[in-house]
1. Please work out which residue is nearest to GLN84 (Cα to Cα), limiting yourself to segment 104-143 and to residues that are among the β-branched types (Val, Ile, Thr) and assigned to a loop (DSSP other than H, G, I, E, B).
2. Tell me, which residue of segment 43-82 that is in a helix (DSSP H, G or I) and of a type in the set (A, V, I, L, M, F, W, C) is farthest from the chain's Cα centre (by Cα)?
3. Please go through segment 91-101 and give me each residue that is surrounded by fewer than 15 Cβ atoms within 10 Å (Cβ to Cβ) and either assigned to a loop (DSSP other than H, G, I, E, B) or among the polar types (S, T, N, Q) (or both), ordered by number.
4. Give THR92, THR109 a once-over and let me know the one that is more than 14 Å from PHE133 (Cβ to Cβ) and under 17 Å from the mean Cα position of the chain (by Cα).
5. In this structure, is ARG2 modelled with pLDDT of 55 or more and surrounded by fewer than 10 Cβ atoms within 10 Å (Cβ to Cβ)?
6. Please identify the pairs in which a residue from segment 45-68 that is closer than 10 Å to THR116 by Cα has its Cβ atom under 7 Å from the Cβ atom of a residue that is surrounded by 11 or more Cβ atoms within 10 Å (Cβ to Cβ) and of a type in the set (Phe, Trp, Tyr), counting only partners at least 6 apart or on another chain.
7. Filter segment 72-121 down to the residues that are among the basic types (Lys, Arg) and modelled with pLDDT under 95, then identify the one that is nearest to LEU55 (Cα to Cα).
Amino acid sequence: MRRSATPPRPRLRDPGPERAAVGATGRLGLALCLICAGAGAGPPAARIAFDLDRLDSSGLKGPPDSRRALHYELCIPDRPEAAQAVTVIDLTPQMHRGPPGRVGCGLGTLLCVGHTHRPGYRAVLERLAALPFVPEIREAFFE
């Protein structure tokens, strides 16, 4: 019998499920970019740039006869993983490409505008602020 002149292909090393998952979704690259850019610096509570004590238990502010929700804005990377991470925590934000908002979103980011009118708004804001790619959450003013 004659053997093939072509040498056998080397077997590729299995990267393992952890490395394969990171490579497949690009999360590692996103995390490294955000760390290098300094996004998410500081404790989560410090990233919320307005006073939560102005709101009642329903997330409303203002005098008793005209209570209204506080709207907030934040920037996230324009990546499906980032948008999904936000919507898992909070369904209220509307995401916009282009306008910087008061929070100053730049190229490659989405402006997210949400509101506090719901029970548990404080925990929602704290969880959003804890995301590594959210540097700041500011009050939105519609002028």
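1. The selected residue is VAL134.
2. Restricting attention to segment 43-82, the residues satisfying the condition of being in a helix (DSSP H, G or I) are 44-47, 52-54, 64-66, 80-82.
Within this subset, residues satisfying the condition of being of a type in the set (A, V, I, L, M, F, W, C) are 45-46, 52, 82.
On the way: ALA45: 15, ALA46: 16, LEU52: 20, ALA82: 5 Å.
Among them, the one singled out is LEU52.
3. Correct list: LEU91, GLN94, GLY98, PRO99, PRO100.
4. Result: THR92 is the single residue among THR92, THR109 that is more than 14 Å from PHE133 (Cβ to Cβ) and under 17 Å from the mean Cα position of the chain (by Cα).
5. yes
6. Once the first residue is closer than 10 Å to THR116 by Cα and sits in segment 45-68, its partners that are surrounded by 11 or more Cβ atoms within 10 Å (Cβ to Cβ) and of a type in the set (Phe, Trp, Tyr) give LEU55/TYR121; GLY59/TYR121.
7. So, considering only residues that are among the basic types (Lys, Arg) and modelled with pLDDT under 95, the one nearest to LEU55 (Cα to Cα) is ARG118.
The values are calculated or read from the model by the stated rules, or taken from the named source; none is laboratory data. Note that the coordinates shown come from a computational prediction; the quantities given were computed from them, not determined experimentally. Every residue, glycine as well, gets a Cβ built from its backbone with ideal geometry; the counts of neighbours run over all protein chains shown.
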